[in-house]
Amino acid sequence: MESLLERCLQARRPTVLVVGDVMCDVYLQGSVRRISPEAPVPVFETTTRQQVLGGAANVAANLRALGCEIRLLGVVGADAAGHCIRELLRQQGIDDTTLLADPSRPTTEKTRLVAQQQHVLRLDQESQVPLAPQLVTDALQHAQTLLAEVDGLVCSDYYKGVCTPDLLAPLFAMTRAAGKPIIVDPKVRDFSRYRGATVLTPNLTEVEQAIGHPVADPTALAHAAERLLQQSQAQALLVTRGKEGMSLFHPQRQPVHIPAQAREVFDVTGAGDTVIAMLSMALLCGLSLVDAARLANAAAGVVVGKMGTAVVSPAELRTALRQERLDSTHKILLGDALASALHQRRQRGETIVFTNGCFDLLHVGHIQYLQHARALGDCLVVALNDDASVRLLKGERRPLLPQQERARILAALGCVDYVTIFSEATPLTLITHLRPHVLVKGGDYTPETVVGRDVVEAYGGRVCIMPYLAGISTTEIIGSIVERYG
């Protein structure tokens with residue numbers, strides 16, 4: 001899998017035309033602590049407000065994060081949400097000049113109220129009225145020009161009035177005539193609207209809506225896929241199935257089922273956007289449909305672990321694929337990779353615990369200490385002294401085990417979430433950079449002697465001293481070995 005990703009990243013990055021319903025996703029973070037005295041409804045107290053790209057704009061953002069050049073064709077209103085979308089696009093290096101303006105319709109905006117990491121309510125501002133004939137004409141004129149610059153077309157249909165038959169039929173005809181692939185994330189029940197697409201990427205619910213009844217098992221899904229492939233005349237159908245992974249269907253071929261890879265599902269918002277973006281990039285870089293689907297599945301496993309509508313970077317995907325291959329060694333992270341992982345956990349409301357040490361010859365005292373530390377939060381980071389700093393602390397004959405072996409032993413422990421290695425005399429720089437909620441040291445320290453205490457307490461964190469387990473230490477184990485085996 002890593003080699004597939006590297007093939008994409010080393011190839012010429014494609015230029016992609018994204019057409020569809022652009023949106024502004026708004027997240028209001030806050031808390032619910034009381035009931036309104038005016039009516040029996042909860043009172044939501046807002047603490048932060050975040051605006052991000054949604055819909056086709058999020059597909060474009062995901063493609064851009066993967067290194068593609070983007071041409072985006074959609075419609076916004078003459079309102080604050082429309083201006084916000086344009087600004088967010090420009091910030092990500094995506095040209096907004098091909099977005100059409102329609103003062104008669106609102107920009108699609110979805111506002112989600114989130115309290116204690118739970119979605120409380122969603123407020124939608126939108127219009128599903130089909131585009132006016134003149135806007136369809138303008139869009140097709142833009143598309144005619146843009147198709148000469150791109151390697152393929154991605155259609156992101158959210159059923160907000162853009163992806164109508166009047167637009168898609170001539171657009172798909174132009175794209176096929178140019179010999180370029182068409183990848184579609186469908187929304188409407190009538191898949192004949194997408195006739196001639198290269199690949200369709202519905203989720204299971206959309207498949208059930210399109211065929212008019214539930215899909216109970218893989219056999220029923222295969223029959224549904226065959227029907228939808230006939231209806232759309234598409235070359236392939238990639239069905240996203242949540243925790244069951246994905247299933248890829250080709251006419252006259254056996255289906256390919258790909259298991260899900262998410263370790264923890266936090267928010268599925270926008271996952272379909274990431275899937276179609278990764279699938280499209282991989283296909284346009286020359287990968288087979290099966291290999292492209294496997295990469296898309298891996299990307300989905302990353303994005304559902306994030307809070308809200310988000311993108312997946314090559315570095316994040318590379319890390320996820322390495323995790324799959326290297327088992328517990330994926331826990332060993334350095335620098336920005338660790339900071340990024342902790343940032344995602346903070347967004348999920350998790351408490352970060354930090355401790356550090358040499359951990360040379362791991363023993364039961366270490367195990368008990370780390371287990372107690374992990375119980376103080378949701379994520380335990382262990383910072384490990386490198387070999388040079390251990391020699392300064394313990395003498396020239398230490399460490400007994402080199403730093404990579406010590407790191408792998410720690411990473412194999414279930415109570416340890418991440419291991420990082422530092423070379424400084426103290427972990428102060430690391431603590432300042434990572435900003436843990438809880439800083440833990442052993443009973444041979446007092447709060448006053450803990451390095452980083454002032455930093456952690458200054459931003460509202462706390463320091464905990466774990467009880468010291470007397471009679472157990474690496475030095476005593478070494479002494480016992482020397483005494484017995486001299």
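Legend: P(r) of region 1-125 from all alpha carbon pair distances, 5 Å bins from 0, whole percents, reading 2, 10, 17, 17, 13, 12, 11, 9, 5, 2, 1, 1, 0.
Calculated [222 nm] ellipticity per residue, helices only, for the chain: -12000 deg cm²/dmol; basis is -39500 (n - 2.57) per DSSP H run with n ≥ 4, divided by all residues, nearest 500. Around the amide H of residue 120, modelled in the peptide plane, lie the amide H atoms of 113, 114, 115, all under 5 Å away and 5 or more residues distant in sequence or on another chain. Roughly how many whole Å is it from the C-alpha centroid of region 218-292 to that of region 424-472? About 47 Å separates the Cα centre of region 218-292 from the one of region 424-472. To the nearest 10, the accessible area of residue 285 is 20 Å² with a 1.4 Å probe. If only the Cβ of Lys and Arg carry +1 and only the Cβ of Asp and Glu carry -1, the dipole of region 373-469 around its Cα centre is close to 180 debye. The shape of region 296-350 comes out oblate: with a ≥ b ≥ c from the C-alpha gyration tensor, a/c is at least 1.5 while a/b does not beat b/c. Applying the Karplus relation 6.51 cos²θ - 1.76 cosθ + 1.60 with θ = phi - 60° to region 122-139 yields 3J(HN,Hα) values of 10, 10, 10, 10, 6, 9, 9, 5, x, 4, 5, x, 5, 5, 4, 4, 4, 5 Hz, where x marks Gly and Pro. Summed over the residues of region 209-312 and divided among them, the accessible surface reaches 41 Å² per residue at a probe radius of 1.4 Å. By the rule of a second cysteine Cβ within less than 4.7 angstrom, the chain holds isolated cysteines at 24, 68, 84, 155, 163, 358, 379, 415, 464. Think of the chain as having a plus end and a minus end, set by charges on the Cβ of Lys, Arg, Asp and Glu; of 337, 92, 26, 337 sits farthest toward the positive end of this dipole. Here residue 128 and residue 253 are evaluated by their C-beta separation; at R0 = 25 Å the FRET efficiency comes out at 0.10. Counted over all Cα-Cα pairs of the chain, pairs farther apart than 34 Å make up 46 percent. Of the Cα atoms belonging to region 413-453, the radius of gyration and Dmax stand at 11.3, 30 Å.
Counting only protein heavy atoms and a 1.4 Å probe, region 1-123 has 45 square angstrom of accessible area per residue. Using the charge dipole of region 349-484 (Lys, Arg: +1 at Cβ; Asp, Glu: -1 at Cβ; taken about the Cα centre), state which of 351, 392, 422 has its Cα farthest towards the positive end. Positive-most Cα among the choices belongs to 392.
In terms of the Cα gyration tensor, with a ≥ b ≥ c the square roots of its eigenvalues, is region 67-143 rounded because a/c is under 1.5, prolate because a/b exceeds b/c, or oblate? Oblate, because a/c is 1.5 or more while a/b does not exceed b/c. Here the chain is assigned +1 on the Cβ of each Lys and Arg and -1 on the Cβ of each Asp and Glu. Its dipole about the Cα centre then comes out at about 460 debye. In a simple Cβ point-charge model (Lys, Arg +1; Asp, Glu -1; nothing else charged), region 12-150 has a dipole of about 480 debye relative to its Cα centre. Within straight-line reach of residue 187, meaning a Cα separation under 21 Å, sit the following lysines at least 8 residues removed in sequence or on another chain: 110, 160, 243. Convert 37 °C to kelvin, take the viscosity as 0.692 mPa s, use the Kirkwood radius over C-alpha pairs of region 140-219 as Rh, and evaluate the Stokes-Einstein diffusion coefficient in µm²/s, rounded to a whole number. Here the translational diffusion coefficient equals 242 µm²/s. Using θ = phi - 60° in the Karplus curve 6.51 cos²θ - 1.76 cosθ + 1.60, the 3J(HN,Hα) couplings for region 144-155 round to 4, 6, 5, 4, 5, 9, 10, 9, x, 10, 10, 10 Hz; x is entered for Gly and Pro. Surface composition of region 306-369: carbon plus sulfur atoms contribute 53% of the solvent-accessible area (1.4 Å probe, protein chains only, all chains present). Here is the P(r) of region 311-439: all C-alpha pair distances, binned every 10 Å from 0, give 12, 43, 36, 8, 1 in whole percents.
Of 243, 110, the residue with the largest accessible area leads and the full order is 243, 110 (1.4 Å probe). Ordering 148, 192, 170 by Cα displacement along the dipole of region 146-237 toward the positive end leaves 170 in first place; charges were set at the Cβ atoms of Lys, Arg (+1) and Asp, Glu (-1). For region 61-217, what does the alpha-carbon gyration tensor say about shape, rounded, prolate or oblate, given a ≥ b ≥ c as the root eigenvalues, a/c under 1.5 as rounded, and a/b over b/c as prolate? Judged from the Cα gyration tensor, region 61-217 comes out rounded (a/c under 1.5).
The values are calculated or read from the model by the stated rules, or taken from the named source; none is laboratory data. Everything numeric here is computed off the predicted structure, so don't read it as measured data. Cβ: placed from backbone, ideal geometry, glycine included. Neighbour counts: every protein chain shown. The area values use the complete protein model at the heavy-atom level, side chains included, leaving out ligands, DNA and RNA. Shrake-Rupley method; radii C 1.70, N 1.55, O 1.52, S 1.80 Å.
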